[in-house]
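Chemist: Mind looking over this structure? Questions follow.
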Amino acid sequence: MLELPADPSSPARARRFVVHTLDGSFPRDVIESAALLVSELATNVVLHAGTPMRLSIESDRAGVRVEVADESTALPVMRIQRDSAEAGRGLVLVDRIARAWGVERLHKGNGKVVWFELGVSTVVGTAAVDGRRAVYSAG
């Protein structure tokens, strides 16, 4: 687990943590996808939640699950942006690349966790991954 402040340097630190943790255990495409998606989620925490965050990674031979928890109770919203927009594509990328992803509220209203899963066959830029699902949980 890695704890990070709501600081503009945190997305880069989150990427390095993911690459370091997964290096040598997964194909390069999975590591690059995980680094990209964690960067997007960490950026969302910095820009929208403005709270410290906790990053955790679980993995097995089938894939990897990355969780980014923050202290904000506001749930993220996926927005479809115009091609000319400079921001707002983070969850769209997560939805397109991850095998599965979701949002869960933490107990007692102490924030939320946004998570994603990547399988070993996930490829950067894949628009449709078999078995992909988005899960939202209010519990």
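Chemist: Would you check if there is a residue in segment 8-21 being loosely packed, with under 14 Cβ neighbours inside 10 Å, modelled with pLDDT under 95 and not in a strand (DSSP E or B)?
Modeler: No - not one qualifying residue is present in segment 8-21.
Chemist: Among the numbered criteria (1) more than 19 Å from R99 (Cβ to Cβ); (2) without any contact (Cβ under 8 Å) to a residue 24 or more places away in the chain, which single criterion is violated by E58?
Modeler: Going through the list (1) more than 19 Å from R99 (Cβ to Cβ); (2) without any contact (Cβ under 8 Å) to a residue 24 or more places away in the chain, E58 breaks only (1).
Chemist: To continue, here is another question. On the given criteria, is L41 at pLDDT 95 or above, touching a Phe, Trp or Tyr at 6+ places or on another chain (Cβ under 7 Å) and not in a loop (DSSP other than H, G, I, E, B)?
Modeler: So L41 does not fit the description; no.
Chemist: Look through L118, L75, L91 and report the one residue that is among the aliphatic types (A, V, I, L, M), touching a helix residue (DSSP H, G or I) at 6+ places or on another chain (Cβ under 6 Å), surrounded by 12 or more Cβ atoms within 10 Å (Cβ to Cβ) and modelled with pLDDT of 70 or more.
Modeler: L118
The values are calculated or read from the model by the stated rules, or taken from the named source; none is laboratory data. On a predicted model such as this, the values are computed, not experimentally measured, just so you know. With ideal geometry, Cβ positions are generated from the backbone for all residues, glycine too; neighbour counts draw on all protein chains shown.
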